[in-house]
Structure formats: C-alpha cells, structure tokens
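Have a look at the structure below, then the notes.
The values are calculated or read from the model by the stated rules, or taken from the named source; none is laboratory data. Bear in mind that the values here come from a model prediction, so they are computed numbers and not experimental data. Accessible surface is based on the protein model in full, side chains and every heavy atom, while ligands, DNA and RNA are left aside. Shrake-Rupley method; radii C 1.70, N 1.55, O 1.52, S 1.80 Å.
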Amino acid sequence: MRPPQVLKGMRDILPQQMLLRQHVISTFRRVFERYGFEPIETPVLEYLDVLTGKYGEDEKLIYHFTDRGGREVGMRYDLTVPLARFVATHRHELSFPFKRYHIEPVFRADRPQRGRYRQFWQCDADIVGTASMLADAEVIMVWIDALSAIHMPNFVIHINHRKLLQSMAQFAGVPDAQAVTIHRAIDKLAKIGRDGVREEMLQNGISPEAADRVLDLVELEGEPGVVLAELRTRLAGNQLAEEGIADLEELFRYLGELNADPKHYCLDLALARGLDYYTGPVFEAMVSEPNIGSLGGAGRYDHLIGMFLGEDIPATGASLGLERIIDVIQVLNLLPQPQTVTDVLVTIFGDEGLGASLGFVSQLRAAGINAEVYLGERRDLRRQMQYADRKGIPLAAFLGPEEIAAGMVNVRVMATGEQFTVPVGEAVDAINRLHVRERDSDGAARQ
RNA sequence: GUGCCUCUAGCUCAAUUGGCAGAGCACUGGUCUGUGGAACCAGGGGUUACGGGUUCAAGCCCCGUGAGGCACCCCA
C-alpha cells in the first residue's frame, strides 16, 4: 500500500502556517472593510454552465463532474464569475453600487509549480453597479493598502486598458481575430524583450511592419500623463483609443487625488491579462524579488453580469492570490512567524497542586487570556517547561505549595527568564499589563 | 496540456561497478519531579513513494502509477 499522499496541487496546512494565513486574511479583511466592502460567501460548486464561456481558453482548467442527480457541476475557477452570478441572483436584495469582499478557495486543474496550486485562496474586492473610474481607483487603492498593511515591499500595480490594447492592434492593421495573438506576445515584453516578442508575432503570422508599429507603441514608458498624451497623438482618430485614454486619464487623476503612492502603480502598455471577461482598465500586482508571477490580477468587466441577466451591470474588482503572498512573506521574511495562540502555560505541581492550577487556568480563560495546562500524563516541571518552550508560549505560571499557601502565583516570562509573584487576584491584570500580544478577532497573533 | 529533472528515517542528505541501508539534526527515555533552551548516555524509527520487470543479487537498470520541481502554456 502506498503511503497516503494529498492530491496533486493540494496541500495540508500546519498550525504555524495557518496562523500566518489567518493573520494575512484578517489584515486584508480590515483593509477591505475600511473602504466599505462587505463580506459574502458563495458555494464552491456551481452549475457548470455558470462557469463556461467566461474564461476563454482557460476554461479547460475548470474541475467538473456529474453529480448523483445528473447535474453537470463545476468547481469555481475564480470568485469573479460567482460574484456575477450572485449579483444576477440577488439583484433586488442589493443596494448599488454594491461593494463586496470575498476570501475563499478556488480550484484550477492546472499543472502545479511553485506559487501555482490546484486549490488556492483568492482575496477579492469588487464594486458592482458603476462605470465610474472612481470605482477602479478605489479598487487600486484597496490593493495598495492591503499589500502595504502586510509590509509587502516594492510591489507595483501595472495598469493598462483593454480598449487601448485593441486600438493598438487596429492601428497596426491587424485583424481583430489576430489581436489576441498580439496581446499574448506583448504581455511577455518584460520577460523576453522586444526581439523575442517580435519573433513570436512573426511566427504567428503577423507582418513585420505591424509588429514594429505595435512594439513602438507598447514600449512607450514614463509619466502616465505624458505617455497618454503621446498615445492620443499617435492613435488620433481611433475611437477605442480615445475611450481608453480618457478612462485612464481619469483613473490616474483620481489616484493622485486619493494620495496613492506613485511608486506603487504605473502605466504598462504591454500588460494584457488573459481572461476573456475584462472590458476596460486591467491591473496586475507584481513584485520583482521572488520570481513568482503576479500577486493579483484585476480589471473592469462591464458585460459579465449581463451574461446572466441579459442586461449589463458594470463592475470592476481586484483579486489577490493568498498563497503567492504567503510565499513572498516567507521568502522575504516580511512578518515574524507566529508560533502559538497560547499566552500562558499554567504548570501543575503534582496531584496536590492540580486543583489550584485548574482553578487558575479557568480564571485566566474567563478573563479572555489564552491559557492551557500541560495535558501529558507525566508532568514533571521540566517536561512542562519544555512544552512551553517548544510551542513558543510566552508565559509560564507556577502554583506550587508555597504560592498556594500564600494565595500567590508566580509568573515567568519565558523569553527573558524574569519571574515575579503576585496575588492570584491580581494575576490577570499583571499578565495583561505585560502586553504580550494583541489579538485579532479570530485569535491569530498580530504584530 | 507539452518537454525535462527528482523521490532513501519526521527534516537535510550519504551508500564505490548492481553486492549486509547509514549519518547529522529532530524525536523518545535517562543523568534531572520547583523551572525550558546546553551537555552527555541510551533508544525507537525504513517493504529505499507505490506496483511490476531484468538479474544469483536492485536504493541504483527498465516499464507503469502517484507526488514534487524546472521550462513552456497560462495564470493567483
């Protein structure tokens, strides 16, 4: 018999790792709520046809099966399409513009690699029911704040516009059917360089003249206002370009007025983004240091909800990949690794001391302090101290015969070895005064 | 989905040409039941990912399966 393994692309998460995840999740939650996004949840499973026809080629990565009632069932591929279905379902129960966040696992039958799993969590914040670029600006702001809140350094949100991409293909004289080929190629500009992109376009039947025209546009860099003005001149007369440029000018203006830190966003005319449903501005959060791809993708999708409703409701949103963010945090050591949820280990002195220790631990718990006694059968002090040490429990409390007789308790700060004795009645205050840690609502340690 | 690489104790890795499966760390126990991290001593742990084949003999060679990784593809 083969020892049990977890399914390809899926992982168990151990307590320490889980504490770090919970810390990141609750940090994101706080940032999302600071902007007025509210939580929802949707089922992991949807009717398969809810999911199909939305992602383009990626559709083949949707996990699907037939259930016992003969229904064709798909596991959600992202949280955006379920949101669109959700809005269509609950349209009359929501007030618009509707802002929701959604932090849950999604599934993709992809071939796994580092930073690439078959089950992973997305952290989404979306705004439904407004075509205003202000919504897109808010989405970018919430991203910047969320990534800043976990001390992510050097991240940059690349910004482009689907209409600009299309107009550039038109400008180069490439038929719409081949536009995707061009977008796919230029998306690799940073990776394979101008020559590589040009070669790929030529191999896919793009004429050298068209390739160069596109590349000359895409390689424009610099201050967004300046680049957009230059584009306006070069693409003059192109309807899509006009619209895209106007959107982006408005968007960058709002970002400035919202005091977005300019080092965290840029105009990137080569950014394509694959998913079919994007219609307007598109965003991607990138870090340079660990080579892990993007931390998140986002954009405006004004026609997606219409696919369920028959009537368009404009929407825009952002999606962060939890696993990749955790990977970066660990590679760069951005946050101290939380060890345990326990604040205090109450030690036990033999059978005579057991009652006093149990009484004390229950007092601590009633006061909201995370406290435990050593549950092993052999409870010599050495063993109990080792347990506290290995778990990283910051405080140990001793109620031996002397303390019990005097109505006192002895508290040891494990990290320093300092010890002090206080009356049992004052122990809660004394422990709280040590300010061992703050707590999140879910109990994860916080810095 | 394509190509390539990898899998030996909980972890990191050894094992000559195909010839008795090992070390360090970790773990458990002891020195040591009023105080953890150290040291010393002892111990447990393996169908070499799983299944099959070749061979007198397989951790090593061959085939299949599973999982991990790299490059594509694409993406979080």
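Would you work out if region A:72-163 is rounded, prolate or oblate? Take a ≥ b ≥ c from the square roots of the eigenvalues of the alpha-carbon gyration tensor; rounded if a/c is under 1.5, else prolate when a/b is larger than b/c, oblate otherwise. Note, shape of region A:72-163 comes out oblate. Measure off, as a whole percent, the carbon and sulfur share of the 1.4 Å-probe accessible area of chain A, all protein chains present. Answer for chain A is 50 percent, counting heavy atoms of protein chains only.
How much of the DSSP bridge set in region A:344-446 is antiparallel, in percent, rounded to the nearest 5? Please list the in-between numbers first.
On the way: 11 of 17 bridges.
Of the beta bridges lying entirely in region A:344-446, close to 65 percent run antiparallel.
Pairs of lysine residues in chain A that meet both criteria, 8 or more places apart or on different chains and Cα atoms under 29 Å apart, total 18.
Extension gain, A:S132-A:R34: 0.36 nm per intervening residue step, less the Cα-Cα distance, totals 33.3 nm.
Put A:R29, A:R11 in order of accessible area, largest first, 1.4 Å probe: what do you get? Please report the intermediate quantities before stating the final value.
On the way: A:R29 75, A:R11 105 Å².
Result of the area sort, largest leading: A:R11, A:R29.
Using every pair of separate Cα atoms, the Kirkwood estimate puts the hydrodynamic radius of chain A at 25.2 angstrom.
Taking the DSSP beta bridges with both ends in chain A, the antiparallel portion is around 85 percent.
Taking the longest Cα principal axis of chain A as reference, the axis of helix A:350-366 is set at about 40 degrees.
Note on region A:344-446: Cα-only Rg and Dmax are 13.0, 38 Å.
Distance from the alpha carbon centroid of region A:77-103 to that of region A:109-165 works out to 17 angstrom. Relative to the dominant Cα principal axis of chain A, helix A:224-234 is inclined by about 20°. Put A:Y35, A:Y277 in order of accessible area, highest first, and with a 1.4 Å probe you get A:Y35, A:Y277.
The solvent-accessible area of A:K188, taken with every protein chain present and a 1.4 Å probe, is close to 70 Å². To the nearest ten degrees, helix A:239-257 and the longest principal axis of the Cα atoms of chain A are 30 degrees apart. Rounded to the nearest 10 square angstrom, A:L19 shows an accessible area of 20 square angstrom against a 1.4 Å probe.
Taking all protein chains into account, the per residue accessible area for region A:15-332 stands at 43 Å² (1.4 Å probe).
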